[in-house]
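Read the structure below first, then the notes.
The values are calculated or read from the model by the stated rules, or taken from the named source; none is laboratory data. Note that the structure is predicted; figures quoted are calculated from it, not measured. Every residue, glycine as well, gets a Cβ built from its backbone with ideal geometry; the counts of neighbours run over all protein chains shown.
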Amino acid sequence: MATLTLLQSAFDILLGAALLWLAWRALNCPDLFKAIVLFVAFGLLMALAWVRLEAPDVALAEAAIGAGLTGALLMAALARLRAMTPDEEDSAKRLPLRWLPLAALLLVATGLSYVVLTLPPEAAGLGAEVATHLNSSGVDNPVTAVLLNFRGYDTLLEMVVLLLALLGVWSLGGPPLRRKAAPGPVLDTLARLLAPLLILVAAYLLWVGGHAPGGAFQAGSVLAAAAVLLLLAGWRLPVALTALPLRLTLVAGPGIFVALAVGTLLLEGQLLQYPPAQAGVLILLLEAVATLSIGVTLAALFLGGHPQNDNNDQNNKEQR
Amino acid sequence: MTPTDYLAATLLVAGALFFLAGTVGLLRFPDVYTRLHALTKADNVGLGLMVTGLALQAESWAVVGKLLLIWWLVLLAGASVSYLIASGALRRGIRPWRR
């Protein structure tokens, strides 16, 4: 048994050291493409670290969003950066003022270290509190109970942040990701095989979130992964769906959340205080709609500009 | 330990050896094409051995199914992605390594 513990500590030390090294390389690498690859590797090892800390929910989210989708978003951003004309690129290089983010990061790191150091060494935490009230939450997975019942407004605000990010990207007015001429048979087949399976996995993660690691954000990012794969293979949202239907889908998640918050405020007297008997159904409904909205929002972020800009561009070119 | 445990352990160690060989190949091979060759061996065979070893220890058939699904997905993704990387490299004019 002692050898096993020793092996595990050795693995943990190696993992921690690899994380620090990858983080430093990702920040320090002059080649942006390499930096993104290092960042994705960092995300995957980070997910492994969360598994070692026995936090499988966070590990799932980190692997799906932190490593997978953020990597895809960064790659899409890099492709745009490389497509820029030289003087555009110059202004983009001058803009960030390298030292400002570093100073901000150092400030945050100092603050965080201070907070961690001032924590009481032996804290009971809220685990016991959550366990006692789990019965009235409507779900069996404590993480889902906290995210969607006890601290539901945190999740509500997270969804609003995601929507705001997309609005920010759209308000820049750029064109969406260019359509590749031909994806080639391999990518095409891969997308056709994986997209239905990914949708199935998203539904599974959504359902399993009630009693085991999983939930709306993980399911939503898997859904977004399916959309990203289809977008890379040249698929585009039908023009008829890019106006109202797309907007409605994006707003549906935060919308139903706000509706529930207002409804519970009026009926129960407290924000997002579900009646225990209906809590399970309400949470599942909320998560199902949220999954769809999160998936579509993340995919739209990957696409960049609003899908309608693509058609406008084409029309303008045809007119010229 | 039962004979099944020994078999599972042997399969897991064999799988780990394939991963080790794949990693050495990734670090030591001369160009992108040969490195892809080394990596796919680790993913396809190494993971296959690991999945078989773990399936022998699995508690239910549902777990065995999930393990096989993971292997199948990695096979599919590994084969497709290494094709895409290799064809991308060829299009950019990276010549395959010659002695």
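Within the stretch A:257-316, take every residue that is in contact with a strand residue (DSSP E or B) (Cβ under 8 Å, 6 or more places away or on another chain) and in a helix (DSSP H, G or I) and give me the one that is nearest to A:Gly68 (Cα to Cα).
If we filter the stretch A:257-316 for residues that are in contact with a strand residue (DSSP E or B) (Cβ under 8 Å, 6 or more places away or on another chain), which is where we start, we get A:303-307, A:309-310.
Next, only the ones that are in a helix (DSSP H, G or I) stay: A:303, A:307, A:309-310.
Numbers: A:Leu303: 15, A:Pro307: 22, A:Asn309: 26, A:Asp310: 26 Å.
The residue in question is A:Leu303.
Okay, residues lined up against (1) of a type in the set (A, V, I, L, M); (2) within 19 Å of B:Pro96 (Cα to Cα):
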| site | (1), (2) |
| --- | --- |
| B:Tyr6 | no, no |
| B:Gly25 | no, yes |
| B:Val32 | yes, yes |
| B:Arg35 | no, yes |
| B:Gly46 | no, no |
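Would you check if B:Gly22 is on the phi < 0 side of the Ramachandran plot and of a type outside the set (Val, Ile, Thr)? Let's see the steps before the verdict.
Values: on the phi < 0 side of the Ramachandran plot: yes; of a type outside the set (Val, Ile, Thr): yes.
Spelling it out, B:Gly22 is indeed on the phi < 0 side of the Ramachandran plot and of a type outside the set (Val, Ile, Thr).
Can you confirm whether A:Phe39 is among the aromatic types (Phe, Trp, Tyr) and touching a residue at least 40 places away in the same chain (Cβ under 8 Å)? Reasoning before the result, please.
Numbers: among the aromatic types (Phe, Trp, Tyr): yes; touching a residue at least 40 places away in the same chain (Cβ under 8 Å): no.
So A:Phe39 does not fit the description; no.
Considering each of A:Gln273, A:Gln218 in turn, give the residue that is modelled with pLDDT under 85 and among the polar types (S, T, N, Q). First the steps, then the outcome.
Values: A:Gln218 fails: modelled with pLDDT under 85.
On inspection, the qualifying residue turns out to be A:Gln273.
I'm checking my understanding of the structure. Among residues of the stretch A:156-198 that are over 30 Å from A:Leu271 (Cβ atoms) and more than 14 Å from chain B (Cβ to nearest Cβ), which one is surrounded by the most Cβ atoms within 10 Å (Cβ to Cβ)?
Step one: of the stretch A:156-198, the residues over 30 Å from A:Leu271 (Cβ atoms) are A:172-198.
Still in the running and more than 14 Å from chain B (Cβ to nearest Cβ): A:172-179.
Values: A:Leu172: 9, A:Gly173: 9, A:Gly174: 13, A:Pro175: 16, A:Pro176: 23, A:Leu177: 19, A:Arg178: 12, A:Arg179: 12.
Only one residue fits best here, namely A:Pro176.
Which ones in the stretch A:200-225 are within 14 Å of chain B (Cβ to nearest Cβ) and closer than 21 Å to A:Leu301 by Cα?
Across the stretch A:200-225, the qualifying residues are A:Val222, A:Ala225.
Does the stretch A:126-138 contain at least one residue that is closer than 26 Å to A:Gly220 by Cβ, in a helix (DSSP H, G or I) and within 14 Å of chain B (Cβ to nearest Cβ)?
Taking every residue of the stretch A:126-138 in turn, none turns out to be closer than 26 Å to A:Gly220 by Cβ, in a helix (DSSP H, G or I) and within 14 Å of chain B (Cβ to nearest Cβ).
Where residues in the stretch B:31-90 are buried (at least 16 other Cβ atoms within 10 Å of the Cβ), within 11 Å of another protein chain (Cβ to nearest Cβ) and polar (S, T, N, Q), which of them is nearest to A:Leu198 (Cα to Cα)?
B:Ser80
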